[in-house]
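Scroll down for the structure; my scribbles are underneath it.
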Amino acid sequence: QKEVEQDPGPLSVPEGAIVSLNCTYSNSAFQYFMWYRQYSRKGPELLMYTYSSGNKEDGRFTAQVDKSSKYISLFIRDSQPSDSATYLCAMTGFQKLVFGTGTRLLVSP
Amino acid sequence: EPEVTQTPSHQVTQMGQEVILRCVPISNHLYFYWYRQILGQKVEFLVSFYNNEISEKSEIFDDQFSVERPDGSNFTLKIRSTKLEDSAMYFCASSDREVRNSPLHFGNGTRLTVT
């Protein structure tokens, strides 16, 4: 079983839609969870950072962590064409950050 | 906003040659990292560096790889004898505390092409 699993997509939605991106993981030591956005030929850009279970909201973005199910989500409200990118989940227990494969999101005008 | 900068943006080298990838982390950060991303694959951890020594490395980071902080601002990754399979995007990252307490900030990467 992979340590972090993420559907690669692509996920295509119309502008204004609510987007749901998800990752599952197997390592129960993970306690810190992040979502990064990566545009083509650019480095990952931090979107959300959460610790343990619960929700965190920042503007149009909401991150959810369910440690009992080993499942994390990122919701994007009122999606915009500029949100088109690859979204990477990442997590850690102590040292190294472990990434999912990334989900490619396409928001059409 | 402060950012991590990496040079060069693209490096082409022949198999067997040595390459040095350079990074300038965010100035008040203390923890430094190298990750790589082979085309179409996930971002993979290579090495973390703190207090002038390696704190953790992956199985990818073998004897052909080394890291150095030669002065107060630069952080370098050296590959001694490049192989075709070293072709990838190499990302430098930094944080002001351990990754569990502080998220990583990434540079835009160096695309390494080994021919």
| If you scan the stretch B:1-60, which residues turn out to be of a type in the set (D, E, K, R) and within 20 Å of residue B:96 (Cβ to Cβ)? | B:1, B:3, B:53, B:56
| said: When you scan the stretch A:87-105, do you find a residue that is among the hydrophobic types (A, V, I, L, M, F, W, C), free of Cβ contacts under 8 Å to residues at least 24 places away in the same chain, within 14 Å of chain B (Cβ to nearest Cβ) and within 24 Å of residue B:58 (Cβ to Cβ), even just one? | reply: no
| query | Applying the selection to the stretch B:65-91, what residues are out of contact with any Phe, Trp or Tyr (no Cβ under 6 Å at 6 or more places or on another chain) and either within 14 Å of another protein chain (Cβ to nearest Cβ) or within 15 Å of residue B:38 (Cα to Cα) (or both)? | reply | B:82, B:83, B:84, B:85, B:86, B:87, B:88, B:89, B:90
| Is it fair to say residue B:67 is at pLDDT 95 or above and over 28 Å from residue A:87 (Cα atoms)? | yes
| request: State yes or no: is residue A:79 surrounded by 17 or more Cβ atoms within 10 Å (Cβ to Cβ), over 14 Å from the mean Cα position of the chain (by Cα) and outside any strand (DSSP E or B)? | output: yes
| Filter result for residue B:54 (farther than 21 Å from residue B:7 by Cβ and in contact with a Lys or Arg (Cβ under 8 Å, 6 or more places away or on another chain)) | no
| Residue check, residue A:102 closer than 16 Å to residue B:43 by Cβ and among the small types (Gly, Ala, Ser) | yes
| Of all the strands (runs of 3 or more DSSP E) wholly in the stretch B:1-104, which have at least 1 residues that are exposed (fewer than 14 other Cβ atoms within 10 Å of the Cβ), free of Cβ contacts under 8 Å to residues at least 24 places away in the same chain and out of contact with any Pro (no Cβ under 6 Å at 6 or more places or on another chain)? | B:53-57, B:65-68
| Right, residue A:90: over 18 Å from residue B:108 (Cβ atoms) and surrounded by 13 or more Cβ atoms within 10 Å (Cβ to Cβ) or not? | no
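The values are calculated or read from the model by the stated rules, or taken from the named source; none is laboratory data. Small disclaimer: the values here were computed from a predicted structure and weren't measured. FYI the Cβ positions are ideal-geometry reconstructions off the backbone, even for glycines, and counts take in every protein chain you see.
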